[in-house]
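Visitor: My questions all concern the structure below.
The values are calculated or read from the model by the stated rules, or taken from the named source; none is laboratory data. For clarity, every value in this text was computed on a predicted model and none was experimentally measured. So basically every Cβ, Gly included, is an ideal-geometry build from the backbone, and we count neighbours across all protein chains shown.
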Amino acid sequence: MLRVGLLTSGGDCQALNATMRGIVKALVNTSAEPVEFYGFEDGYQGLIYGRYRRMTPRDFSGILTRGGTILGTSRTPFKLLDVPGADGVDKVPAMISTYRDLGLDCLFMLGGNGSTKTANRLAQEGLNVIALPKTIDNDTWGTDMTFGFTSAVEIATKCIDDIHTTASSHGRVFVIEIMGHKVGWIPLYSAVAGGADVCLIPEIPYDMDNVIAAIERRMDSGARFTIIVAAEGALSREEAALSKKEYKKRVAARTSPSIVYDIANEVERRSGRETRVAIPGHTQRGGAPDAQDRVFATQCGVEAALACLDGAFGCMIGYVDGAMKRIPLEEVAGKLKRVDPACDLVREARALGISFGDA
Ligand code: F6P
């Protein structure tokens with residue numbers, strides 16, 4: 001008998017269920033021995049507090065296209081892992097004892113950066129853990145792709161497409177805030193896919209003079225409107241020069257809900273052009289996974305199942321240079337995959353005339 005646990009941790013995304021379905025189907029179809037499944041509720045919280053459900057393969061059927069997670073999720077910050085909560089529970093020993101009490105042979109953890117750090121910690125404590133790279137942000141080190149990313153790009157692009165009509169009818173500037181946490185993958189891809197004119201990402205700090213100049217160049221060429229895609233983590237050159245502590249202080253002192261309002265106000269004040277903000281927000285994590293995500297999530301799930309049957313634990317499943325790989329967790333944990341400002345897509349976007357506000 002093989003006993004496995006599954007949990008989904010951190011922000012949800014469209015392809016979590018598709019990934020779990022891949023794990024379960026591949027195990028059922030390829031394991032030489034019967035498999036018992038345990039689903040932990042709300043991420044690591046379920047493992048800490050022993051909140052789990054015994055599940056059957058049926059529970060994972062019909063969920064390929066369902067967004068969110070049938071297990072529920074939550075954020076359990078890595079930096080607080082060794083700090084007992086208000087209830088006094090010591091999280092790491094509690095997780096180990098739930099795993100041991102159930103007699104698990106493997107824990108599949110579907111999560112992003114922070115969650116992978118915790119998975120690595122549990123592997124170091126002797127648990128058999130296999131991580132799967134979930135996040136719309138695509139910022140997980142060790143894999144070229146994360147599941148959730150392409151679906152989020154699709155939604156962000158649809159938002160940019162839809163804003164075009166109003167921007168054009170009214171002759172306005174629009175600043176569209178796109179998710180991505182501290183990196184600019186979704187903004188970059190959706191800006192290219194949606195034909196944006198300006199793209200501001202954290203990896204390429206902007207100068208407002210250059211943004212205004214890009215708007216004026218475009219309007220001088222006869223355009224009636226300008227679309228600016230701004231990452232939620234977009235940084236001005238001045239902000240980029242601040243220490244981490246000073247920057248945090250600056251963000252805390254903001255009176256507007258996010259940077260895009262500051263950008264829009266400054267654009268309107270300096271250009272004299274009517275400027276509006278649009279924020280698709282959490283819709284970028286919602287709905288059904290797109291076809292590419294369904295395929296990639298399924299691949300991740302199947303490869304994770306096969307790794308488990310091979311006894312290859314302490315790894316994350318990743319996609320590197322066109323092939324599915326098992327990457328040691330300690331190589332991945334704690335690192336962020338940023339957009340390389342010199343990468344092909346940035347170079348090609350510049351050739352298209354997209355301004356990054358840096359020149
Ligand atoms: O990591 C996914 C993500 O949607 C980021 O893009 C965003 O910064 C963050 O989560 C939002 O988190 P929350 O759902 O907790 O507001």
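This table checks each residue for (1) of a type in the set (A, V, I, L, M, F, W, C); (2) touching a residue at least 60 places away in the same chain (Cβ under 8 Å).
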{"position": "G233", "(1), (2)": "no, no"}
{"position": "S236", "(1), (2)": "no, no"}
{"position": "K245", "(1), (2)": "no, no"}
{"position": "V260", "(1), (2)": "yes, yes"}
{"position": "D293", "(1), (2)": "no, yes"}
{"position": "A323", "(1), (2)": "yes, no"}
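Visitor: Might you let me know whether region 175-187 holds any residue that is in a loop (DSSP other than H, G, I, E, B) and either among the aromatic types (F, W, Y) or away from the ligand (no atom under 14 Å from the Cβ) (or both)?
Guide: No, there is no match, as no residue in region 175-187 is in a loop (DSSP other than H, G, I, E, B) and either among the aromatic types (F, W, Y) or away from the ligand (no atom under 14 Å from the Cβ) (or both).
Visitor: Here is a follow-up. Give the residue, chosen from V267, V277, V260, that is farther than 28 Å from T73 by Cβ, under 24 Å from the mean Cα position of the chain (by Cα), crowded, with 16+ Cβ neighbours inside 10 Å and of a type in the set (A, V, I, L, M, F, W, C).
Guide: V277
Visitor: Continuing with this model, one more query. What tally of residues in region 4-18 results from selecting those that are farther than 19 Å from Y52 by Cβ and within 12 Å of the ligand (Cβ to nearest atom)?
Guide: Counting residues in region 4-18 that are farther than 19 Å from Y52 by Cβ and within 12 Å of the ligand (Cβ to nearest atom) gives 3.
Visitor: Right, something else. What's the number of the condition R53 fails, among (1) under 25 Å from the mean Cα position of the chain (by Cα); (2) more than 17 Å from P289 (Cα to Cα); (3) of a type outside the set (S, T, N, Q)?
Guide: (1)
Visitor: If you scan region 271-295, which residues turn out to be within 16 Å of the ligand (Cβ to nearest atom), assigned to a helix (DSSP H, G or I) and either out of contact with any helix residue (DSSP H, G or I) (no Cβ under 7 Å at 6 or more places or on another chain) or at pLDDT below 95 (or both)?
Guide: G281, H282
Visitor: Next question. Check Y206 against each of (1) under 19 Å from A342 (Cα atoms); (2) within 16 Å of the ligand (Cβ to nearest atom) and name the one condition it does not meet.
Guide: (2)
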